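Worksheet for the structure shown next.
The values are calculated or read from the model by the stated rules, or taken from the named source; none is laboratory data. Note that the structure is predicted; figures quoted are calculated from it, not measured. Cβ placement follows ideal geometry from the backbone for every residue including glycine, while neighbour counts extend to all protein chains displayed.
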Amino acid sequence: MVWNNACVPLAASIVPPSWFLLSCAAGTVVLLLILIAWVRLHPAVALCVAALSLGVASGMPLQQVPLSFTSGVGGLLGHIAIVLGLGAILGNLLARSGGATALGTTLVDGCGEKGLPWALMGLGILVGMPVFFEVGLVLMLPIVAAAARRSGRPPILVGIPLMAGLSIVHGTLPPHPAAMLAATQYHADLGHTILWGLVVGLPAATVAGPVLGWFLTLRWRRRVAKEGIKAAEEGSVLFEAPSEPVPVQDTADTKGADSSQVEIPAHERVPAPAGPVRAAAAILLPVALIFLGSWADTLAAPGGSVNRVLHFVGSPDVALLIAVLAALITLGGHIQTGRQHGQELLRRLTSESFEPIASVLVILAAAGGLSGILRDSGAAQATVSMALGAHIPPLVLAWMLAAAVRISMGSATVAMAVASGVLAPMVGHLGVRPELLVLATGTGSIILSHVNDPGFWMIQSFFKMELKETLSTWTVLETVLSIAGLGMTLLLAAVLR
């Protein structure tokens, strides 16, 4: 035991060269692609194998490898597990009550096929400003499913504008934690950061949302015409309501009888579905609570009781819990099934809500473990050092530095935090506005979401896609969004000069 303890610092002090760590990180990505696409391992298993292989190959002490893995798992799930669980309940209630279908129908009928992408992009930006990306996606997913069914297109194509809106504000606008951290590190003015963030974000989201969605939809329609694929064969999403809910009846009671003459007891009749107003209220309630929490210091004196209450109810976990309790009351009586209406049905639906996200949570946990290994092995730091070695314009440097961390580690939040931490001491010498540095760093932090990003697996699981489909839609969306965001940031810098 003494010998092992003595050897740990010695082993930990031997740092492999940067080129070797970069090769290990690249090899990990290749290994993941092989395990998932060729060997056909489950993504969670493949992520575990790749993460542990990276730890061993990079020269980490063997006893440190599982510790770094579990630390990464805990860090990710500690933030996301309850949020996803409560969001799943809310999504299931929206779907089973008919509220999501009603809201999706209203959007499709009110906006039309051409206007729907713009409405969803605006909804994504509005909802995404105060909430995390995954929270907004879970809240909006039933609407995407209902709108996809009404429009006859695959859910991922319908959801692209929504995800573009959610992603751009998550990466660039305070009060999101990473953007807030960058604004603090760069000493940027929050008001100008938010204003200019919208100036940059709206055009970028337009290119990566409705425009990219239109292009991918054209490609899908050509494939449908060529291969005869039906929209119904293109998959679905989690929390999707059945297309035609029917009352549950005992076949013994109606066997041999004309169903039109059978009187259904009042307690077994299907209730009226929830309307779009109830559905919108259920979705916007947690958004409003989180928004109040984000602006608590502006709305109430810091340290006061009102301020503390606003911060408390505005945390994502508490806000979603309040929204779920409210939805059980407002939507619970509209569940589209006969029999068992009341507390027992709601209890069963709540329990069933966790089943679809079990696989998602395991995949995200494994992805978090990979992020922990990437961080502790030094592979991410090697990528950062390589980016700093190049002599390039400050805004492009900020974008590239965040992009390098994002590609190597997978986390947009970590990418923005690392990049802003590295560049913060040089802000006064870079000759650019600190608010623009926040935007450049933020747009770089969302590029090229791929197999080492927990969000990649969340999108794949939520939309029930194959690896290739996720790469050709979600990864392309994030890359286009990032590049368009950088372009708009550089254009704004030229105008403000």
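Of the residues making up the stretch 70-86, those that are touching a helix residue (DSSP H, G or I) at 6+ places or on another chain (Cβ under 7 Å) and of a type outside the set (Val, Ile, Thr) number 8. For the residues Ala440, Ala419, Ala494, the requirement of being crowded, with 19+ Cβ neighbours inside 10 Å, modelled with pLDDT of 90 or more and among the small types (Gly, Ala, Ser) singles out Ala440. Here Ser449 passes the criteria (1) surrounded by fewer than 24 Cβ atoms within 10 Å (Cβ to Cβ); (2) assigned to a loop (DSSP other than H, G, I, E, B) except the one numbered (1). Of the residues that make up the stretch 176-187, is at least one of a type outside the set (Gly, Ala, Ser), outside any helix (DSSP H, G or I), touching a residue at least 12 places away in the same chain (Cβ under 8 Å) and farther than 17 Å from Cys111 by Cβ? The answer is yes; a qualifying residue exists.
Restricting attention to the stretch 454-484, and to residues there that are in contact (Cβ under 8 Å) with a residue 60 or more places away in the chain and not in a helix (DSSP H, G or I), which single residue is surrounded by the fewest Cβ atoms within 10 Å (Cβ to Cβ)? Result: Lys464. Residues in the stretch 189-211 that are touching a Leu at 6+ places or on another chain (Cβ under 7 Å) and more than 24 Å from Thr473 (Cα to Cα): Ile194, Trp196, Gly197, Val199.
Residues of the stretch 426-433 include at least one that is basic (Lys, Arg) and either in contact with a helix residue (DSSP H, G or I) (Cβ under 8 Å, 6 or more places away or on another chain) or part of a helix (DSSP H, G or I) (or both).
Filtered by the rule that a residue be among the small types (Gly, Ala, Ser), surrounded by fewer than 24 Cβ atoms within 10 Å (Cβ to Cβ) and in contact (Cβ under 8 Å) with a residue 60 or more places away in the chain, the stretch 129-158 gives a lone residue, Gly152.
When Arg375, Arg347 are checked against the criterion of being within 22 Å of Ile82 (Cα to Cα), modelled with pLDDT of 75 or more and basic (Lys, Arg), Arg347 stands alone in meeting it.
Here the condition is being surrounded by 15 or more Cβ atoms within 10 Å (Cβ to Cβ), without any contact (Cβ under 8 Å) to a residue 40 or more places away in the chain and of a type in the set (S, T, N, Q); of Ser71, Ser58, Ser53, it holds for Ser53 alone.
Per-residue answers, yes or no, for (1) within 29 Å of Ser449 (Cα to Cα); (2) modelled with pLDDT under 80; (3) out of contact with any helix residue (DSSP H, G or I) (no Cβ under 9 Å at 6 or more places or on another chain); (4) surrounded by 12 or more Cβ atoms within 10 Å (Cβ to Cβ):
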site	(1), (2), (3), (4)
Tyr186	yes, no, no, yes
Leu202	yes, no, no, yes
Thr217	yes, no, no, yes
Ala266	no, yes, yes, no
Ala280	no, no, no, yes
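Within the stretch 61-81, restricting attention to residues that are modelled with pLDDT under 90 and of a type in the set (A, V, I, L, M, F, W, C), the residue that is nearest to Leu21 (Cα to Cα) is Val73. Here is the figure for the stretch 116-156: residues that are out of contact with any Asp or Glu (no Cβ under 7 Å at 6 or more places or on another chain), over 17 Å from Leu93 (Cα atoms) and not small (Gly, Ala, Ser) total 20. Screening Leu285 on (1) of a type in the set (A, V, I, L, M, F, W, C); (2) surrounded by fewer than 18 Cβ atoms within 10 Å (Cβ to Cβ); (3) assigned to a helix (DSSP H, G or I); (4) at pLDDT 85 or above shows it passes everything except condition (2).
Matching residues to (1) part of a helix (DSSP H, G or I); (2) at pLDDT 80 or above; (3) loosely packed, with under 15 Cβ neighbours inside 10 Å; (4) of a type outside the set (Lys, Arg):
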{"position": "Ala252", "(1), (2), (3), (4)": "yes, no, yes, yes"}
{"position": "Val270", "(1), (2), (3), (4)": "no, no, no, yes"}
{"position": "Leu292", "(1), (2), (3), (4)": "yes, yes, no, yes"}
{"position": "Gly303", "(1), (2), (3), (4)": "no, yes, yes, yes"}
{"position": "Val309", "(1), (2), (3), (4)": "yes, yes, yes, yes"}
{"position": "Leu328", "(1), (2), (3), (4)": "yes, yes, no, yes"}
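Number of residues in the stretch 87-107 that are within 12 Å of Val138 (Cβ to Cβ) and without any contact (Cβ under 8 Å) to a residue 60 or more places away in the chain: the value is 0. When the stretch 147-160 is filtered for residues that are farther than 14 Å from Thr475 by Cα and modelled with pLDDT of 80 or more, the ones remaining, listed by number, are Ala147, Ala148, Arg149, Gly152, Arg153, Pro154, Pro155, Val158. At least 3 residues being β-branched (Val, Ile, Thr) and out of contact with any Gly (no Cβ under 7 Å at 6 or more places or on another chain) is the threshold, and among the helices (runs of 4 or more DSSP H) wholly inside the stretch 62-153 those reaching it are 64-96, 99-128.
I'd like to check something: does the stretch 392-403 contain any residue that is in contact with a Pro (Cβ under 7 Å, 6 or more places away or on another chain), modelled with pLDDT of 85 or more and buried (at least 23 other Cβ atoms within 10 Å of the Cβ)? So far as the stretch 392-403 goes, no, none of its residues is in contact with a Pro (Cβ under 7 Å, 6 or more places away or on another chain), modelled with pLDDT of 85 or more and buried (at least 23 other Cβ atoms within 10 Å of the Cβ).
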